[in-house]
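The values are calculated or read from the model by the stated rules, or taken from the named source; none is laboratory data. Keep in mind the model is a prediction, meaning the values are calculated, not measured. Cβ placement follows ideal geometry from the backbone for every residue including glycine, while neighbour counts extend to all protein chains displayed.
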Amino acid sequence: MSRQMARYVDGRERNLGVPVSGSLCAVDMIGDRWGVSLEDTSRRYPCDEIVPDPALQAWRGVSVRAEPEQVWLWVKQIRVAPYSYDWIDNFGRRSPQRLSHLPDPVPGDPFTVAMGGRSYGRILSVTSGEQLTARIMGAVMSYVVVPAGSTTRLLLKVVMSQGRLIAPFVSVGDLVMARRQLLNLARLAERTAGS
């Protein structure tokens, strides 16, 4: 299936979901992509193995001026706080701004602590330094750390197997929260790299 592409100012492509030459294609969901390229959305993520036929797929990404090892340290840190809008998902309690020097997570560990200290979700798979996949509130998400020359790409894919009717709303809500989370993790990894 062909899809028409638009190029953002930063050079990243955005699939508009517009049929080209009369071919049929699935229309993309509002808010389903932020900061990702066609290459980022075309790759396989660990969450794809867990939810092979998703009702929702959303991709987010950010380039980080730090080594993959430094980015991974902050991905692991998600287990102690959400790192998005703390006033929304952490009852105003600020996510730690210093590393807790946590060991690598293992499947079965709680995914994150939010809402004033309560554990949410479960880690499903981990490849140390490369990916962390977890299930939370009906969604499965994979954080992937990808070396990219002088930077590191921090990618996130979120999938849900059910909820086609609410998927557009979930996609937009996740866009807001995940964008803030990735930007915060990037900022903290860059600060760590600079010290």
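One table, with the values for the structure above:
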| quantity | calculated |
| --- | --- |
| Residue ID - surrounded by the most Cβ atoms within 10 Å (Cβ to Cβ), chosen from residues in region 172-195 that are small (Gly, Ala, Ser) and over 16 Å from the mean Cα position of the chain (by Cα) | Ala193 |
| Pairs with Cβ under 6 Å, 6+ apart, first in region 53-80 and under 15 Å from Thr127 (Cα atoms), second crowded, with 19+ Cβ neighbours inside 10 Å and polar (S, T, N, Q) | Pro68/Thr152; Val71/Thr152 |
| Inter-residue pairs, beta-carbon under 9 Å, first without any contact (Cβ under 8 Å) to a residue 24 or more places away in the chain and in region 93-106, second part of a loop (DSSP other than H, G, I, E, B), 6+ apart | Arg94/Ala81; Pro96/Val80; Pro96/Ala81; Pro96/Tyr83; Ser100/Val80 |
| Check on Leu102, aliphatic (A, V, I, L, M) and buried (at least 16 other Cβ atoms within 10 Å of the Cβ) | no |
| Hits in region 110-155 - residues which are assigned to a loop (DSSP other than H, G, I, E, B) and either surrounded by 14 or more Cβ atoms within 10 Å (Cβ to Cβ) or in contact (Cβ under 8 Å) with a residue 24 or more places away in the chain (or both) | Met115, Gly116, Gly117, Ser128, Gly129, Glu130, Gly138, Ser150 |
| Test: residue in region 165-184 that is touching a residue at least 60 places away in the same chain (Cβ under 8 Å) and in a loop (DSSP other than H, G, I, E, B) | no |
| Check on Asp53, modelled with pLDDT of 85 or more and not in a strand (DSSP E or B) | yes |
